[in-house]
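Okay, so here's the structure we're looking at.
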RNA sequence: GGCCCAUUCGUCUAGUGGCCUAGGACACUGCCCUCUCACGGCGGCGGCACGGGUUCGAAUCCCGUAUGGGCCUCCA
């Protein structure tokens, strides 16, 4: 991965790395994380930390220590000298250029795109070592592939046109060629490269929005890859078992935020309540929301079926943690509710429901007519978790107080 | 401009010459369920970019056009 100047990990790069990871894990290979850095600034160091943190959060791991492109600069320089001696390179204005073959074609069988070939005489003699001695990306990249024993290069399609040069370099060095797989890009809704104006693009923004890591991974895997004609929901383990490069498509896809939201809702609803509470508590902590843990845990059964992502949580349950402004919507019903609820004991949702349904009947109203004003007085909103469960959680004294205040 | 690549419902996709009257999912939408919202159930809308071939037969193969994208840097 290239270190990102902003420090944030772009979701497109993650998707590409995910394909590497799925492939490596499935075939029992190694997955290396290499940072294609060109300097060692503090920005790079922070960016590297950020990349690792985001990857780990998503559930992607890698083997061995993180590698850096810069680490092999010396090796690259030596190999450049070798190419110079062998006549595969020449000096030009202090730089060293690779001498491309002048005839024939260079081709490879791309694991996702099939046969691709370029005419050698159209390839420019590219600079492999700059005048100041720093080797360039297009040289270090294949050199690192040799050094690290890379068998499969799975990368974005923007590298397709670099590949013929890298293959020629590898051949000139007498190295074996890896398998290349160029995966399609991810676009925004306008067909342009996915960027901030389309919505969230960095992993930590998705994290802050309350997406579940496995759901995000599932969604990302489906961008350009499919298992069959009907399977959509797949756990990380299932993805690893089922992934294959030959089922990766060749055409770019559009990031569909609505579908991600739906899929995330599927995962959240399917979560064990204990795990849901754990995930929710961690998220609240990251958001700096400090609500009592026990109450938060108690809300889980009330909202688990309703949320697509955790960022929707606070608005649903805020009434349990903060005061609610009285309403003047229907004072009579609120007053009647106070009377109906005062004798309720024990204060449980079932007994509360009985009392309130009886009240509606006595008033000659449909349940929704009666419950509406009560909901508003209790939660301060027209949309809320189940009314009876909400009343139970709020507690009898506070519930009666709020109804009284609106009567 | 040159080279390379892509093109199936709005979106993600299944489809590798006959199983396709093109299947699924999201979105949208109608009905049902229902204390709101959501969930769930049953329906609906909607697509092979275009033009030529090849073939008994093409979404699938070939050619062209159009559109979109990538690269063309002593960037990565």
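Any read-out appearing in this document is the output of simple, stated calculations on the displayed coordinates, not a laboratory observation. Values in this document were obtained by computation on a predicted structure and should not be read as measured data. We place every Cβ from the backbone using ideal geometry, glycine too, and count neighbours over all the protein chains shown.
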Over chain A, what relative contact order in percent results from Cα pairs under 8 Å that are six or more residues apart?
13 percent
So for the stretch A:1-100, what are the equivalent ellipsoid semi-axes in whole Å, largest first, each being the square root of 5 times an eigenvalue of the Cα gyration tensor?
32, 18, 11
Just from the alpha-carbon atoms, what are the Rg and Dmax of the stretch A:62-148 in angstroms?
14.8, 41
What per residue convex hull volume, in Å³, do the alpha-carbon atoms of the stretch A:38-86 yield?
94 Å³
Alpha carbon centroid spacing (whole Å) that separates the stretch A:240-261 from the stretch A:100-151
28 Å
Give the dimensionless ratio obtained when the Cα radius of gyration of the stretch A:207-260 is divided by 2.2 N^0.38 Å.
1.15
How much length is gained if the chain between residue A:381 and residue A:192 is pulled fully straight, taking 0.36 nm per residue apart and subtracting their Cα-Cα distance, in nm to one decimal?
64.1 nm
Dividing the helical contributions, -39500 (n - 2.57) per DSSP H run of n ≥ 4, by the residues of chain A yields a 222 nm value, nearest 500 deg cm²/dmol, of -15000 deg cm²/dmol
Of the residues A:364, A:199, A:59, which exhibits the maximal mean-square fluctuation in a Gaussian network model of chain A defined by a 10 Å Cα contact cut-off?
A:364
Expected-Rg normalisation [2.2 N^0.38 Å, Cα atoms] applied to the stretch A:275-351
1.37
Suppose we take every Cα in chain A and form the convex hull; what volume per residue is that in Å³?
173 Å³
How much length is gained if the chain between residue A:312 and residue A:286 is pulled fully straight, taking 0.36 nm per residue apart and subtracting their Cα-Cα distance, in nm to one decimal?
7.9 nm
Whole-number percent relative contact order across the stretch A:253-407, with pairs defined as alpha carbons under 8 Å at least 6 apart
27 percent
Inter-centroid distance (Cα atoms) of the stretch A:68-82 relative to the stretch A:1-41, Å:
21 Å
Ranked by Cβ crowding within 10 angstrom, fewest neighbours first, how are A:145, A:228 ordered?
A:228, A:145
Only Cα pairs within less than 10 Å get springs; with that Gaussian network setup on chain A, which residue of A:260, A:359, A:284 has the largest fluctuation?
A:359
Under 10 Å, Cα contacts only: if you run a Gaussian network model on chain A, which one of A:328, A:379, A:72 comes out with the highest mean-square fluctuation?
A:328
If R0 = 30 Å, then residue A:81 and residue A:121, at their Cβ-Cβ distance, give a FRET efficiency to the nearest 0.05 of 0.70
For residue A:159 paired with residue A:369, estimate the spin-label separation in nm (one decimal), with each label point 7 Å from Cα along the Cα-to-Cβ line.
6.8 nm
Tell me, what is a quarter of the convex hull surface for the C-alpha atoms of the stretch A:267-407, in nm² with one decimal?
8.4 nm²
Looking at the stretch A:90-221, what % of the alpha carbon pairs are farther apart than 22 Å?
52 percent
